Amino acid sequence: MKSNERYEIRFSGSGGQGIITAAVVMADAVGSFDNKHVCQTQSYGPEARGGKSKAEVVISNAPIDYPKALSVDLLLAMNQAACDAYFSDIKSDGLLVVDGGLVQQLPTSRSVSIPFTQIAIEQIGRELVANMVALGAVGYLSGQVSLKGLEQALLSRVPKGTEKMNSEALQAGIEEAKKIDLDSLPRSVLSEWDDEF
């Protein structure tokens, strides 16, 4: 990241999927353990549970003058409605990360599909921690946060007695993301055009 560059992440899904918790943990990890500037904002749909939900984390090496995402580097979409609603805000070379079990229609080839909810159910035994599986993948794929810091922030935020379950979910997401070859994704439309002129 260049000295004054912003990196913007939007977490999106529906109320009740733990989107805001994931964003808060990410921001906490970046600010507390990586010593970068960070802003975290959120908004809910008309009905909190089941309605559209999004939360944003803006990361920079310099002070942040505007706290909301302007041009998203990484969009996490935990369902199809969120993917459809927010995809247009991704940069041309940005990355779309989706829950592969809940998002079937991908609007770009620059996307990573991981079945977060299925992993949470099958590996951890609780659908509830799909957000932490997703957080692990986002943390790894964004390259913006130390994974050790992410785990420490997670452990300081989750309810007592759920630390092991949440930590295992985070690790499952990181391990799944490590299997993705980002170099194999198509480059942005803009960079392909640049090569032609």
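Before moving on, here are some points about what is shown:
- Local electrostatic count, P115, Cβ distance below 11 Å [Lys/Arg +1, Asp/Glu -1]: -3
- The chymotrypsin sites (Phe, Trp or Tyr not before Pro) found in the range 63-116 include none that occupy coil by DSSP while having at most 14 further C-beta atoms within 10 Å.
- Neighbourhood net charge (15 Å Cβ-Cβ; Lys/Arg +1, Asp/Glu -1) for G149: 0
- Among the listed pairs K54/K91; K52/K160; K91/K178, those with a Cα-Cα distance over 20 Å are K52/K160; K91/K178.
- Loop-exposed GluC sites (Glu not before Pro) per DSSP, neighbour cap 11 Cβ within 10 angstrom, longest uninterrupted part of the chain: 48-197
- Exposure rule at most 10 other beta-carbon atoms within 10 Å, DSSP loop trypsin sites (Lys or Arg not before Pro): the chain longest free segment: 3-159
- In summary, the lysines within cross-link reach of K36, defined as a Cα separation below 18 angstrom excluding same-chain residues under 8 places away, comprise K2, K68, K148.
- √(5λ) per eigenvalue of the Cα gyration tensor, the range 72-173, largest first, Å: 24, 16, 10
- Debye intensity ratio I(q)/I(0), log10, the chain, q values 0.15 Å⁻¹ (C-alpha model): -0.87
Bear in mind that the values in this text are calculations on the coordinates, not laboratory data. Being a predicted model, the structure only gives us computed values, none of them experimental. Note that we place each Cβ from the backbone using ideal geometry, even for glycine, and neighbour counts take in every protein chain shown.
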